[in-house]
Ligand code: NAD
């Protein structure tokens, strides 16, 4: 099959297996060039197939020599459709990890369900014994509650007032105005149910109950704060409310795992192009300007650089270990005053049509399509490739 990108809405509906493998290999190569980390040895990554979760898994394996178990929700190829990018990423990751002598197994299923949690616990008991790091990196549009059976759908909306801002229309490549109406109470509640901390807490409770959390185990989940420009749609919107809940939950989890000397953290990561962030209005335009400023200052990072820095310089660095508020700011470069001042100035100019962002847009689109394995110089996209790729260990 010759695979071309097919763009619909804010998603690419095709993925390229060779391109995804190339992207995973680039991330592995980056980690191998860094200093080894005296870090975790048995790691569970929930949301392990793309973005921050995949990068965390790669850093744990190739940076700290860990055995990893990955949980995610992806689709294999079927009926002439390609697999999802996360499927191809995992196939490539597992092959590389196994070849390098590391344990790497995966479970494809709904992480919100108790069935997948039980399956994961059984696999840990059989093959790893105990886990010393649990990374919770889910970004999902909906969640069915394992007890009530209610299905919640998350929305990205402001709270209280409507919000009008500039945004990029990825179909026409134009800067347009977007107005987002405020969320209802039910929509706020649903977004918190999907993206808040309840499921993370349930995972940790069940893992602890099953005695598969090692003494001193760490768990971490990811959040975002960002600048004032995006507050109405992020920090002060429905997703921000869910992230507040995630942080409050981290304190509950801390108490719950205190007696095994466990630690729970929330890391505030940098804004980056991922499948999840591409779906948030306004954010892609901010990301383009941010990349321009950080790039100029030599401070731009991708998921893999962020996750390496998180593990190497914060989570497992005894000289700079996180303090007792259990909130780790790895968005420090993004939030530097000089960076934000320049981004704000550019934002003003974009709003009055004073600057051209053709190149920024082009760069953003390139990064976006790379998430699906397209646009790598070394990959021959005219060649026929086998779309049906298997993951060595897959359980679903
Ligand atoms: P992503 O879309 O790249 O990854 C999401 C992961 O969740 C994938 O592995 C996917 O398979 C998995 N997933 C989704 N639904 C699932 C389900 N029901 N069961 C099992 N797995 C499921 O997203 P990302 O941007 O890497 O986001 C990960 C976390 O990082 C989120 O909490 C997000 O809010 C946070 N974060 C993202 C950014 C950013 O700019 N991208 C910045 C800071 C924090």
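Tabulated data for the structure shown
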{"quantity": "Residue match in the stretch 332-348 (condition: within 13 Å of the ligand (Cβ to nearest atom), in contact (Cβ under 8 Å) with a residue 12 or more places away in the chain and in contact with a strand residue (DSSP E or B) (Cβ under 7 Å, 6 or more places away or on another chain))", "calculated": "no"}
{"quantity": "Residue within the stretch 253-260 that is within 16 Å of the ligand (Cβ to nearest atom) and closer than 26 Å to residue 324 by Cβ present", "calculated": "yes"}
{"quantity": "Among (1) over 23 Å from the mean Cα position of the chain (by Cα); (2) closer than 23 Å to residue 231 by Cβ; (3) in a loop (DSSP other than H, G, I, E, B), the one test that residue 158 misses", "calculated": "(1)"}
{"quantity": "Neighbours by Cβ (under 8 Å, 6+ apart or cross-chain): first from the stretch 136-155, within 10 Å of the ligand (Cβ to nearest atom); second at pLDDT below 95", "calculated": "139/274; 139/275; 139/276"}
{"quantity": "Pick from the stretch 111-126, criterion touching a strand residue (DSSP E or B) at 6+ places or on another chain (Cβ under 7 Å) and assigned to a helix (DSSP H, G or I), ranking: farthest from the ligand (Cβ to nearest atom)", "calculated": "124"}
{"quantity": "Which listed residue, of 230, 219, 248, is crowded, with 19+ Cβ neighbours inside 10 Å and over 18 Å from the mean Cα position of the chain (by Cα)", "calculated": "230"}
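The values are calculated or read from the model by the stated rules, or taken from the named source; none is laboratory data. All values reported here derive from a predicted model rather than from experimental measurement. Here Cβ is always computed from backbone atoms with ideal geometry, including for glycine, and neighbour counts include all displayed protein chains.
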